[in-house]
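Presented below is the structure to which this report refers.
Every number here is computed from the coordinates shown, using simple stated rules; none is lab data. What you see is a predicted model; the values in this text were computed from it and never measured. Positions of Cβ are backbone-derived with ideal geometry, glycine not excepted, and every protein chain shown enters the neighbour counts.
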Amino acid sequence: MKLNTSIRKKFRIRNKLKKVAKPGRLRLSIFRSSKNISAQIVDDTKNVTLLSASSVEKDIKEMKTKNKSELSIIVAEKLAKKAQEKKISKIYFDRGIYKYHGRVKIFAETLRKHGMDF
């Protein structure tokens, strides 16, 4: 079966991360579309999603945001708050097929400001 370019890129990045990841760290996977952004913290040893936050959630959707960058900041703050409640601070950042640029970079920097270590 032939895989397209984006799927190969995603696998390549994820496998590199898993090779260098220290044991005990969880993976933060991010997805962005043209209008929304979502992220989840995954435990790869158990294949379980522990936390998630998305711009499609009702309380975030009701907020009046001006642009997608502000939406990324809001989602990152919500995810960081949930992670602090579950005492998760050490993760590794799986950017997927996206470049570390724009909304993905804003998302990561906001998480760092709120105590996430990656």
Of all residues being in contact with a strand residue (DSSP E or B) (Cβ under 8 Å, 6 or more places away or on another chain), over 24 Å from residue 61 (Cα atoms) and of a type outside the set (D, E, K, R) in the stretch 104-118, which is surrounded by the fewest Cβ atoms within 10 Å (Cβ to Cβ)? Just the residue, please. 118
Which residue pairs have Cβ atoms closer than 7 Å, lie 6 or more positions apart in sequence or on different chains, and pair a first residue in the stretch 86-111 that is farther than 22 Å from residue 67 by Cα with a second residue that is assigned to a strand (DSSP E or B) and among the charged types (D, E, K, R)? 89/117; 90/117; 91/27; 92/27; 94/27
So residue 101 clears everything in (1) touching a strand residue (DSSP E or B) at 6+ places or on another chain (Cβ under 6 Å); (2) closer than 20 Å to residue 6 by Cα; (3) not aliphatic (A, V, I, L, M) except one condition, right? Which one? (1)
Name the single residue, out of those in the stretch 75-94 being part of a loop (DSSP other than H, G, I, E, B) and not hydrophobic (A, V, I, L, M, F, W, C), that is surrounded by the fewest Cβ atoms within 10 Å (Cβ to Cβ). 87
